[in-house]
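First the structure, in the form of structure tokens, and then the observations on it.
The values are calculated or read from the model by the stated rules, or taken from the named source; none is laboratory data. In this text, all values refer to a predicted model and were calculated from it rather than measured experimentally. Every residue, glycine among them, receives a Cβ derived from its backbone with ideal geometry; neighbour counts consider all protein chains shown.
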2 protein chains.
Amino acid sequence: MEKMVKLNSNFRKFEGRPYLFAGVANKAKEFNKAHPGVLIRLGIGDATESIHPLITSYLAEASLRLSHLDGYDKEEMKSSEMKKALHEAGFDKFNGYGDEQGNELLRKRINEIKYGGRFSLDEIFISDGAKCDTANIQQIFSQDAIVALQNPAYPVYEGSNVIAGRTGKANPATGEFDGLVYMPCTPANDFQPSVPNRRIDIEYLGSPNNPTGTTIWRSTAQAHVDNALAQKAIIVSDCAYERYIKDERDMHSIYEIPGAEKCAIEIGSFSKEAGFTGMRLGWCVVPKTLQTEDSDDKFNANWIWNKRQTTEFNGAANLIQAAGLAVMSPGGQRVTQGLINFYMENARLEREAMKSLGLKVYGGKSAPYVWVRLPEGRKSVEFADAFLNEEPHIVCTPGSGFGSAGEGYIRLSAYGHRENILRATERLGKLVLK
Amino acid sequence: MEKMVKLNSNFRKFEGRPYLFAGVANKAKEFNKAHPGVLIRLGIGDATESIHPLITSYLAEASLRLSHLDGYDKEEMKSSEMKKALHEAGFDKFNGYGDEQGNELLRKRINEIKYGGRFSLDEIFISDGAKCDTANIQQIFSQDAIVALQNPAYPVYEGSNVIAGRTGKANPATGEFDGLVYMPCTPANDFQPSVPNRRIDIEYLGSPNNPTGTTIWRSTAQAHVDNALAQKAIIVSDCAYERYIKDERDMHSIYEIPGAEKCAIEIGSFSKEAGFTGMRLGWCVVPKTLQTEDSDDKFNANWIWNKRQTTEFNGAANLIQAAGLAVMSPGGQRVTQGLINFYMENARLEREAMKSLGLKVYGGKSAPYVWVRLPEGRKSVEFADAFLNEEPHIVCTPGSGFGSAGEGYIRLSAYGHRENILRATERLGKLVLK
């Protein structure tokens with residue numbers, strides 16, 4: 001019989017392993033149906049505070065300008081910083097396809113603010129959010145590349161490589177996929193991933209790490225960069241939560257580490273620093289200086305990523321990029337700092353409340369996630385279910401969903417209205433852990 | 001020596017084959033630098049007319065509402081159709097992550113307007129544009145699937161499968177990639193692709209086809225559906241230009257064809273029907289009833305696509321989906337019909353002008369592209385270069401860039417301000433073809 005169309009069997013490797021966030025959402029939905037208004041949701045890392053009018057005014061203005069074929073006249077342009085920026089970006093009149101790589105002015109601002117202007121603009125690519133870039137970036141590499149990632153970690157690193165066929169099956173006991181190299185991040189190593197003692201090709205490094213809310217120190221990052229240089233491996237640095245970092249010891253960007261421009265890609269996001277989760281805006285830096293075994297002047301990661309983006313992507317929405325310009329303006333940087341401070345106060349309140357239960361608490365100092373060690377012997381999913389359904393009716397995320405080293409932990413998100421955080425801490429104050 | 005990280009060598013297959021639109025853009029840029037203001041651009045299929053205030057008012061309103069934590073009060077909500085829709089969609093207040101599958105109200109409207117409500121909402125997925133879906137949809141299928149496509153065709157069908165490794169090298173003479181099955185669409189077969197006389201697994205069918213501007217008849221589509229059902233192959237129907245269709249004989253959606261719900265995926269777009277090229281909004285229908293060799297109740301194309309989208313995508317921007325709701329309102333349907341009529345009058349003017357040169361002209365009656373047969377012996381790229389640099393200084397797109405069967409043709413886009421189309425026809429009226 002002739003061969004017939006088959007589906008991508010890599011997807012079978014997920015069977016029975018529901019996507020973590022969807023699973024939590026479904027349980028919360030069920031409880032909420034039975035007991036409306038009771039739940040406090042600290043499960044998902046989704047922004048809850050409204051966007052500052054400084055930013056939405058850019059959006060509204062750019063929206064209305066799409067009904068105009070002509071840009072501002074000279075007088076109008078001079079009337080505000082916003083109008084100047086919208087004009088310079090070409091967003092003061094109708095616009096069609098932008099560059100697949102993103103608006104030049106926005107790339108310039110990111111280059112200046114995040115990287116001190118060190119890159120050329122064709123090394124920076126605007127995206128529709130860090131999740132997509134994180135998933136797509138693996139397309140740069142050969143099919144047989146060995147992939148390393150933190151354990152626990154943001155599930156997309158793992159999932160995208162499963163779909164791409166770089167793994168075997170999941171171990172039924174641990175949930176770990178054959179063929180991936182997991183780097184445990186636990187209190188035993190201060191959440192600093194050790195350099196793997198075997199050959200790897202691609203390594204995802206998230207700092208601050210989601211879910212642990214812990215950071216990677218510069219010294220740790222240097223060890224990983226040195227190893228990557230020695231092996232000609234590539235680091236994918238995920239800095240989506242970078243602006244929450246407070247400690248001098250921590251890296252903000254991998255490019256602060258000498259040598260990183262030869263071995264590291266970096267993925268950034270507006271989602272968490274500006275409350276843009278529903279807006280879909282991020283960026284990716286792919287330096288031309290990246291070195292791999294087979295790269296040369298023409299065939300290199302930057303060329304490939306550009307080819308990938310021009311072939312399979314059509315740029316982030318121009319309107320959303322206009323909002324990005326607002327965030328990157330001096331006023332935008334100021335109001336988003338206020339937002340970050342707000343969420344970090346939430347994190348502090350959550351840390352204190354969980355500590356008062358006698359639990360060990362990690363993270364939450366330079367990231368909007370609090371990582372809570374459960375009492376000896378308690379399992380993440382079972383604990384999270386009880387936390388939701390019995391007491392204190394708070395939605396959290398079971399740590400085991402982020403990797404085997406997350407077993408015995410839960411993650412609390414610091415995204416929430418203050419009144420809800422205070423309601424949560426009040427309930428936690430009365431809780432007696434069984 | 002140990003294996004070291006290598007790049008995805010599939011990208012090497014593109015070397016020396018620059019992405020068509022980028023190539024045209026670069027040549028135009030160079031000419032424009034030397035002779036500013038002379039060029040008339042009919043090269044790219046990019047909307048040129050501003051977006052109707054009816055639509056941008058949704059956008060501006062939804063933008064400003066992002067600064068509010070509370071939605072409209074009851075009185076406010078009743079005050080307009082727009083406010084009712086924004087409220088129902090949850091866009092009348094700050095919103096974070098939406099469903100990866102897209103806003104439910106928008107899916108409902110698409111289901112009603114495009115498909116008479118025949119699908120369940122979990123068979124419809126909102127995307128950030130048809131280009132991304134067109135590129136990503138191949139991830140559903142096994143690596144060894146045999147892919148068929150029209151020749152000429154939208155380059156993403158080919159490019160995404162090259163990147164995924166489903167092809168061999170490109171033939172230096174024709175540009176065709178080994179392993180792909182090309183279905184010629186030429187005047188000889190009335191641009192109706194024949195059912196391949198060999199086994200295929202995935203088949204891309206674009207109608208109206210970009211670049212030829214020609215359509216697929218229902219009878220042709222029925223033959224392809226019957227073949228797909230017999231072979232358990234899957235058709236990917238690209239209907240991005242569907243609303244330009246005028247002829248009763250043509251299919252608008254593949255699902256008008258009996259049996260298609262068992263063998264066809266469909267990808268749609270707001271780009272061309274609403275001038276949304278810079279907005280990035282589209283959709284994809286993946287019916288649960290699709291049958292492949294290994295599909296079952298749990299493991300099927302719909303489940304896989306949902307898994308793919310939840311793992312690697314985070315939804316289209318909510319704000320842009322609000323604009324989609326505007327397009328799907330009765331007023332939105334009316335104003336976008338006006339836009340379509342405008343571009344189609346451009347197409348008519350271009351057809352007439354090219355015919356008056358004694359050239360054979362195709363397309364342009366149910367699509368915003370005019371496909372022009374060049375005088376015997378003239379090559380597409382050489383002709384397009386002369387058309388740009390010598391006379392009449394009009395940017396067109398060489399047909400050969402869309403496939404070997406496009407050699408000897410150019411594509412004129414009907415997207416342009418009327419004054420530019422008239423300038424172009426005037427120049428063409430004075431042109432003497434060498």
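Step by step: first the residues of segment B:42-58, then only those that are out of contact with any Gly (no Cβ under 9 Å at 6 or more places or on another chain) and modelled with pLDDT of 95 or more, then the one that is surrounded by the fewest Cβ atoms within 10 Å (Cβ to Cβ). Which residue is that?
B:Pro53
What single numbered condition from (1) more than 16 Å from A:Phe125 (Cα to Cα); (2) surrounded by 23 or more Cβ atoms within 10 Å (Cβ to Cβ) fails to hold for A:Gly282?
(1)
Which members of segment B:154-184 meet the condition of being within 14 Å of chain A (Cβ to nearest Cβ) and assigned to a loop (DSSP other than H, G, I, E, B)?
If the condition is that a residue be within 14 Å of chain A (Cβ to nearest Cβ) and assigned to a loop (DSSP other than H, G, I, E, B), then B:Tyr154, B:Ala164, B:Gly165, B:Arg166, B:Thr167, B:Gly179 are the ones that fit.
Just give me the residues in segment B:177-194 being crowded, with 18+ Cβ neighbours inside 10 Å and either modelled with pLDDT under 95 or over 16 Å from B:Ala405 (Cα atoms) (or both), in sequence order.
Once the filter is applied, which keeps residues that are crowded, with 18+ Cβ neighbours inside 10 Å and either modelled with pLDDT under 95 or over 16 Å from B:Ala405 (Cα atoms) (or both), segment B:177-194 yields nothing.
Which residues, taken from segment A:142-153, are more than 11 Å from chain B (Cβ to nearest Cβ) and in contact with a helix residue (DSSP H, G or I) (Cβ under 7 Å, 6 or more places away or on another chain)?
A:Leu149, A:Asn151, A:Pro152, A:Ala153
Sort out which residues of segment A:160-175 are under 22 Å from the mean Cα position of the chain (by Cα) and of a type in the set (Lys, Arg), and write them in order of number.
Across segment A:160-175, the qualifying residue is only A:Arg166.
Residues in segment A:364-383 that are in contact with a Ser or Thr (Cβ under 7 Å, 6 or more places away or on another chain) and part of a helix (DSSP H, G or I): how many?
Within segment A:364-383, residues that are in contact with a Ser or Thr (Cβ under 7 Å, 6 or more places away or on another chain) and part of a helix (DSSP H, G or I) number 2.
Given the criteria in a strand (DSSP E or B) and touching a Cys at 6+ places or on another chain (Cβ under 9 Å), does B:Gln192 qualify?
no
Restricting to segment B:59-75, and then to whatever is of a type outside the set (Asp, Glu) and more than 7 Å from chain A (Cβ to nearest Cβ), can you tell me which residue is surrounded by the most Cβ atoms within 10 Å (Cβ to Cβ)?
Looking at the filtered set, the residue picked out is B:Ala62.
So B:Ser207 ticks every box in (1) in contact with a Cys (Cβ under 8 Å, 6 or more places away or on another chain); (2) surrounded by fewer than 24 Cβ atoms within 10 Å (Cβ to Cβ); (3) not basic (Lys, Arg) but one. Which box is left unticked?
(2)
Name the single residue, out of those in segment A:217-261 being outside any helix (DSSP H, G or I) and β-branched (Val, Ile, Thr), that is nearest to the other protein chains (Cβ to nearest Cβ).
Of everything passing the filter in segment A:217-261, A:Ile234 is nearest to the other protein chains (Cβ to nearest Cβ).
Within the group B:Lys84, B:Lys78, B:Lys93, which residue is of a type in the set (D, E, K, R), surrounded by fewer than 19 Cβ atoms within 10 Å (Cβ to Cβ), under 30 Å from A:Arg41 (Cα atoms) and more than 10 Å from chain A (Cβ to nearest Cβ)?
From the options B:Lys84, B:Lys78, B:Lys93, the qualifying one is B:Lys84.
Is it the case, given these coordinates, that A:Arg199 is in the same structural domain as A:Thr289 (by TED's automatic domain parsing) and at pLDDT below 95?
It is true that A:Arg199 is in the same structural domain as A:Thr289 (by TED's automatic domain parsing) and at pLDDT below 95.
So A:Asn10 passes all but one of these: (1) surrounded by 15 or more Cβ atoms within 10 Å (Cβ to Cβ); (2) at positive phi; (3) of a type outside the set (A, V, I, L, M). Which condition number does it fail?
(2)
Out of all the residues in segment A:390-401, which are modelled with pLDDT of 95 or more and part of a helix (DSSP H, G or I)?
Of everything in segment A:390-401, just one residue is modelled with pLDDT of 95 or more and part of a helix (DSSP H, G or I), namely A:Gly399.
Any idea which of B:Gly377, B:Gly401 is away from chain A (no Cβ under 14 Å) and more than 30 Å from A:Gly278 (Cβ to Cβ)?
After ruling out the rest, the residue left standing is B:Gly377.
Among (1) modelled with pLDDT of 95 or more; (2) within 12 Å of chain B (Cβ to nearest Cβ), where does A:Lys288 come up short?
(2)
Looking only at segment A:338-348, decide whether some residue is within 26 Å of A:Gly275 (Cβ to Cβ), polar (S, T, N, Q) and either surrounded by fewer than 17 Cβ atoms within 10 Å (Cβ to Cβ) or assigned by TED's automatic domain parsing to the domain that holds A:Tyr409 (or both).
yes
Looking only at segment B:32-56, count every residue that is closer than 19 Å to B:Gly275 by Cβ, more than 8 Å from chain A (Cβ to nearest Cβ) and among the small types (Gly, Ala, Ser) and tell me the total.
The qualifying residues number 2.
Quick check: anything in segment B:382-393 touching a residue at least 60 places away in the same chain (Cβ under 8 Å), touching a helix residue (DSSP H, G or I) at 6+ places or on another chain (Cβ under 8 Å) and polar (S, T, N, Q)?
yes
How many of the residues making up segment A:300-318 are facing chain B (nearest Cβ under 7 Å) and outside any loop (DSSP other than H, G, I, E, B)?
Residues flagged as facing chain B (nearest Cβ under 7 Å) and outside any loop (DSSP other than H, G, I, E, B) within segment A:300-318 amount to 8.
Can you tell me which residue is farthest from the other protein chains (Cβ to nearest Cβ) among those in segment B:96-121 that are surrounded by fewer than 17 Cβ atoms within 10 Å (Cβ to Cβ) and on the phi > 0 side of the Ramachandran plot?
B:Gly116
In segment A:126-141, is there at least one residue being part of a strand (DSSP E or B), more than 8 Å from chain B (Cβ to nearest Cβ) and closer than 23 Å to A:Gly102 by Cα?
Yes, segment A:126-141 contains at least one residue that is part of a strand (DSSP E or B), more than 8 Å from chain B (Cβ to nearest Cβ) and closer than 23 Å to A:Gly102 by Cα.
So, in segment B:262-290, exactly how many residues are assigned to a helix (DSSP H, G or I) and without any contact (Cβ under 8 Å) to a residue 60 or more places away in the chain?
1
Read through the list (1) free of Cβ contacts under 8 Å to residues at least 60 places away in the same chain; (2) within 29 Å of the chain's Cα centre (by Cα), then give the number of the only condition that B:His68 fails.
Going through the list (1) free of Cβ contacts under 8 Å to residues at least 60 places away in the same chain; (2) within 29 Å of the chain's Cα centre (by Cα), B:His68 breaks only (2).
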